[in-house]
Amino acid sequence: MIGGSTVTNTGEFISADWLSQAGQTAYGDHAYVFYQIPLEAKKFPMVFLHGGGQSKKTWETTPDGREGFQNIFLRRGFSTYLVDQPRRGEAGFSTVSSDGPLTPAYYDRTMFTLFRLGLWPDFYEDTQFPKDDESLNQFMRQGTPNTAPLDFNLVADSMAKLLEKTGPSILVTHSQGGGCGWLTALKTDNIKSIVAYEPGGSPRLFPEGEVPDAIKTSFGLIEGTAIPLEKFKKFTKFPIVIYYGDHIATEPTDNYGSDQWRAEIAMGRKFVELVNKYGGDAAVVHLPEIGIKGNTHFMFSDLNNIEIADLLSQWLKEKGLDK
């Protein structure tokens, strides 16, 4: 468990009234980390942060039961740290109140479209997601709710504390975790690189005076957040690569999954342009542009996840991060 806080309730605890919460302390708002360290591990660990509505399960196994990035990169000699962000998964307790009891989440059609598996009930013809019913069932069941309000800074604080323990590390993020990853970089000097799989959600960080115009989509307004240039320059201190999958629109469309990522990839390209403008080393890799077709928002667990892992391994080697 990493980070977190405690809150002590008013009153006096009396053992005869042992179910009373009076005088007792709540523990919460920590992250949970599962890690494995191989013999003769490579110098820099890989720290994996999941996306929205997900948990460390994202990195463990694929919906059809193949090995995920946890084992793939462990076999390749990296120590792997899998994080459940505060108020999610195995780090579910919070010291703040939620909006009420959790209710059923009726979102399977929404997720199918948003994550670009296809347009319900039809998969994209070339999708890299396994099309059998049980894989889709497993995928829908791996989601997990927020148990209290989502707080990007709280997540970033926990990630910075984790990196104090791991030392210099390769941070791998997905989706909503991408926003938390950018914030983490502002809070620690222990990031050797950031690998972001389709970072989305706020904050999308840009230097003051250079924030791109907001982009209207059928998903909603996609916009950036300004930070001082000196803070932004932290992103020039280590290499960054951002990967995007397939079926991303090039023109406005009512397909909100495709349309959101039309704006997100535009924001990603602008971010990379500015990092490089100030002396950094950043790149966007749009998989279809290099001949890899059909990947979803969860490219690291698609049918070709070994190919996706090989791309990352090649990049880490080029940057001298696999020693």
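The values are calculated or read from the model by the stated rules, or taken from the named source; none is laboratory data. Everything numeric here is computed off the predicted structure, so don't read it as measured data. A quick note on method: Cβ atoms are made from the backbone with ideal geometry, for glycine too, and the neighbour counts reach across all protein chains shown. Heads up: the accessible areas ignore ligands, DNA and RNA and are worked out on the full protein's heavy atoms, side chains in. Shrake-Rupley method; radii C 1.70, N 1.55, O 1.52, S 1.80 Å.
Hull volume per residue, based on the alpha-carbon atoms of the range 187-270 and their convex hull, is 92 Å³. From the Kirkwood radius over Cα pairs of the range 61-162, Stokes-Einstein at 25 °C and 0.890 mPa s returns a whole-number translational diffusion coefficient of 150 µm²/s. Whole-percent P(r), the range 95-228, all Cα pairs, 5 Å bins from 0: 2, 8, 13, 16, 17, 17, 14, 9, 3, 0.
Accessible surface of the chain, 1.4 Å probe: 51 percent of it comes from carbon and sulfur atoms.
Suppose we keep just the DSSP beta bridges with both residues in the range 73-208; what percent of those would be antiparallel, to 5? Antiparallel bridges make up about 35 percent of those DSSP assigns within the range 73-208. Computed over the range 1-122, relative contact order equals 27 percent, with contacts defined as Cα pairs under 8 Å that lie 6+ residues apart. Rounded to the nearest whole Hz, the Karplus-based 3J(HN,Hα) values (6.51 cos²θ - 1.76 cosθ + 1.60, θ = phi - 60°) of the range 166-183 follow the sequence 7, x, x, 9, 8, 9, 10, 10, 9, 6, 3, x, x, x, 5, x, 4, 5, with x at glycine and proline. Could you tell me which chymotrypsin sites (Phe, Trp or Tyr not before Pro) in the range 216-252 are loop residues by DSSP with no more than 11 other beta carbons within 10 angstrom of their beta carbon? Here no loop site has a sparse enough neighbourhood.
Distance distribution note for the range 172-323: the fraction of Cα pairs above 27 angstrom is 20%. Sequence-distant contacts, meaning Cα pairs under 8 Å at least 6 residues apart, place the relative contact order of the chain at 17 percent.
For the range 126-174, the equivalent ellipsoid built from the Cα gyration tensor has semi-axes of 31, 17, 9 Å, listed from largest to smallest. Inverting the pair-averaged 1/r between distinct Cα atoms of the chain gives 20.5 Å as its Kirkwood hydrodynamic radius. With the convex hull drawn over the C-alpha atoms of the range 235-323, the volume per residue is 101 Å³. Cα convex hull, the range 21-106: 139 Å³ per residue, rounded to a whole number. Per-residue Karplus couplings for the range 52-68, computed as 6.51 cos²θ - 1.76 cosθ + 1.60 with θ equal to phi - 60°, are listed in order as x, x, 10, 9, 4, 3, 2, 9, 7, 9, 8, x, 9, x, 7, 5, x Hz, Gly and Pro entered as x.
Three semi-axes describe the equivalent ellipsoid of the range 281-323; taken as square roots of 5 times the Cα gyration tensor eigenvalues and ordered largest first, they are 20, 13, 8 Å. Per residue, the accessible area of the range 249-314 comes to 39 Å², computed with a 1.4 Å probe over protein heavy atoms only. Kirkwood Rh, Cα Rg: Rg to Rh for the range 154-218? My calculation puts Rg/Rh at 1.03.
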